[in-house]
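The structure appears below as structure tokens.
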Amino acid sequence: MAEDFKVAQGSKADMYADLFEQAKSIVSTESDVVANMGNVVAMLHFTFGFWWTGFYRVVDNELVLGPFQGPLACTRIANGRGVCGTAWNESKTIVVPDVDKFPGHIACSSESKSEIVVPIIVDGVVRAVLDIDSAQLATFDEVDKIWLERLVASIAERLVEK
Ligand code: SME
């Protein structure tokens, strides 16, 4: 049951490992990609207390806002623009310790201080990105990168339409 979701306290890596298993299990019984994106966002957001956690989907060659938790956000981002558009364009995770130092960063919220964007790649094509913002500087490191990449890679088929 989704209501049973609870991550045991521990190191950040331990918490990601626990969340990873539960997230795989929760999406395994649901084929609707919006429902799955919504639950994955909620799991990450409330486990780690991020400022903003959400998906942008590639729709007609733009990133369009998907399920998220946090304040209102920009709805459309062009390829190559901001951290999200750069992660899409380069097909790789971007970790930003200080958003003010990232050229072209799109400030949806002035409270956001650091950010990580992980592309969701299916058959070699970026279909969406997972964007997480923190209200503190330098929140994201290799542990976040490794575990978030592992998470979205293992459930990618449950997050995007065939
Ligand atoms: N900061 C992002 C825009 C999305 S918001 O953070 C939710 C960017 O530069 O792409």
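A few remarks follow.
- Net charge contributed by nearby residues that have their C-beta within less than 13 Å of Val41 (K/R +1, D/E -1): -1
- Two-decimal Rg/Rh across segment 1-126, once Rg and the Kirkwood Rh are taken from alpha-carbon atoms: 0.96
- Lys pairs, the chain - Cα-Cα below 25 angstrom, 8 or more residues apart or on other chains: 16
- Membrane-span-like helices in the chain, defined purely by DSSP H runs whose alpha carbon atoms cover 15 Å or more axially and whose average Kyte-Doolittle hydropathy reaches 1.0, are 33-48.
Bear in mind these aren't lab numbers, they're just calculated from the coordinates by the rules spelled out. No experiment lies behind these values; they were computed from the predicted model shown. Backbone-built Cβ (ideal geometry, glycine too); neighbour counts: all protein chains shown.
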